[in-house]
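One structure below.
None of the figures in this text is laboratory data; all of them are computed from the coordinates on show. Small disclaimer: the values here were computed from a predicted structure and weren't measured. Counting neighbours? That spans all protein chains shown, and the Cβs are built from the backbone with ideal geometry, glycine included.
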Amino acid sequence: MTVEINNPGGAAPLAGDDRVVPFQVEGLDVRGRAVTLGPLTNGILSRHNYPAPVARLLSETIALTVLLGTSLKFEGKLIVQTQTDGPVNFLVADFTAPEAVRAYARFDEDALAAAVKAGETEPHQLLGKGVLAFTIDQGAHMQRYQGIVALDGETLEEAAAAYFRQSEQIPTKVRLASAELFDRDEDGKPRHSYRAGGLVVQFLPEAPERMRHKDLHGGDGDTSHDFEEDDTWSEAQMLASTAGLEELTDPDVGVERLLFRLFHERGVRVYDAQPVYDRCSCSEDKIRGVLSGFSAEEIASTIEDGEIQVTCEFCSSRYRFKPEEFIVAN
C-alpha cells in the first residue's frame with residue numbers, strides 16, 4: 001500500500017517502533033527508508049550491559065543494518081561489521097531476511113576508560129582506523145558478496161555513504177542516531193532504556209548521468225568529476241541533514257511525522273512498513289553440530305567442571321553439553 005503524507009497526525013495509523021518505512025519523494029527523485037527502534041535495540045543492549053559509548057555505537061550499527069537489510073529481495077543475510085584499532089574494536093550486526101536482527105560489540109576496557117577520561121568519545125575516536133564491511137550471504141550454494149570501505153576518522157554515516165558511492169555508485173545520504181532514556185514505568189520505578197533511529201536517502205533519477213559524484217573519476221588526468229552537483233540531489237541532502245538526532249529517536253515523533261517535516265513541500269509517499277525483531281539464530285542443535293566437528297583434543301580443551309559450556313555472543317544464551325557424547329563420536 002502507498003500513502004501520500006498530507007497530514008501525519010490524521011486517521012492513518014503510524015508505523016511505530018521497530019518498523020522500517022520505505023518512502024519516495026518524486027519531486028526530488030529520491031527513495032529511502034526510515035526507522036525508529038525501541039524494544040529491539042533495548043532488548044539487544046540490555047543483555048550485555050555495555051558502557052554507554054559502546055551502546056551508542058552498536059545502536060547506530062543496528063539501525064544501519066535494518067535499514068539496508070530490509071531492502072533485500074531474497075532469502076539471505078546482511079552482515080555489517082567494523083574491525084578497527086580503536087577502543088571499540090569490533091561491532092557486528094546481522095539481518096536475516098525478512099525480519100530477524102542480532103548484534104554484539106567487543107571493546108578494550110582499559111582503552112575505553114582512557115578515552116572517556118580524555119573526553120575522546122566521539123564515534124570516530126572510539127572506532128579508530130580500520131574497515132567497515134558489508135557482507136551479503138545468499139545461502140550455502142551461493143557466493144558471498146562483500147564490500148569494504150576504510151574507516152579513518154569517518155563516522156558510520158560517512159562510511160556507509162562512501163560504500164554506496166564506491167560499490168553501488170548511488171548518491172546516498174545516511175543519518176543515524178542513538179539515545180539513552182531515563183524515565184519511570186507504570187509503577188513509578190526508575191527505568192533505563194536504549195533507542196536508535198536512522199534514515200537512508202538515495203538519489204535515483206530516470207537519467208543515470210544525473211547520478212554522478214564530484215569525487216568519482218576515472219584516474220589521473222580525468223576532469224569529468226569537475227561539475228556542479230545536481231541541484232535536486234543537493235536539496236534532498238540538505239533536507240535530510242536537518243533531521244535532528246532527537247527526532248530520529250523520539251518515540252513521540254514517529255517516522256511519518258519526521259518524513260512529512262523533511263519532504264512535505266515536495267510530496268512524500270510512504271509504503272507498507274516492515275517489522276523487524278530481536279531474534280538470534282543460535283540453537284542447541286546448531287551448537288551441537290559445531291562441537292561434533294571438533295577433535296577429541298579440542299573437546300577436552302573446552303571442558304570446565306565436567307561439562308562443556310557455550311555462550312552465544314549475540315544473545316548471551318548459555319548451552320551445556322556432556323563431553324562424552326562428543327568424545328565418543330570422535
Size of charge dipole - segment 2-278 - debye, nearest 20, with Cβ of Lys, Arg +1 and Asp, Glu -1, no other charges: 700
Cα-based Lys proximity count in the chain, under 28 Å, for pairs eight or more positions apart or on separate chains: 10
Least to most buried among L245, L112 (fewest other Cβ within 10 Å first): L245, L112
Chain lengthening between I327 and S301 when straightened (0.36 nm per residue, less Cα-Cα): 8.2 nm
Cβ charges +1 (Lys, Arg) and -1 (Asp, Glu), total dipole of segment 28-154, debye: 380
Normalised per residue, the volume of the convex hull around the Cα set of the chain (Å³): 194
Residue-span extension gain [Q309 to A133] - 0.36 nm each, minus C-alpha spacing: 60.3 nm
Karplus (6.51, -1.76, 1.60) ³J(HN,Hα), θ = phi - 60°, over segment 248-260, in Hz, Gly and Pro reported as x: 5, 10, 5, x, 8, 8, x, 4, 5, 5, 5, 4, 5
Over segment 246-330, relative contact order from alpha-carbon pairs under 8 Å, at least 6 apart, %: 21
D187 paired with I170, simple spin-label distance in nm, labels 7 Å along Cα-to-beta-carbon: 4.7
Value at 222 nm in deg cm²/dmol, rounded to 500, when DSSP H runs of n ≥ 4 in the chain each add -39,500 (n - 2.57): -8000 deg cm²/dmol
Cα centre as origin, Lys/Arg/Asp/Glu Cβ charges: segment 284-329 dipole, Debye: 160
Estimated inter-spin distance, K73 and E109, nm [label 7 Å along Cα→Cβ]: 4.8
Computed over the chain: relative contact order in percent, which uses C-alpha pairs under 8 Å that are six or more apart: 25
For segment 254-270 versus segment 231-248, the gap between their alpha-carbon centres in whole angstrom: 11
Surface/4 of the Cα convex hull for segment 284-329, nm²: 3.1
For segment 99-144 versus segment 14-36, the gap between their alpha-carbon centres in whole angstrom: 26
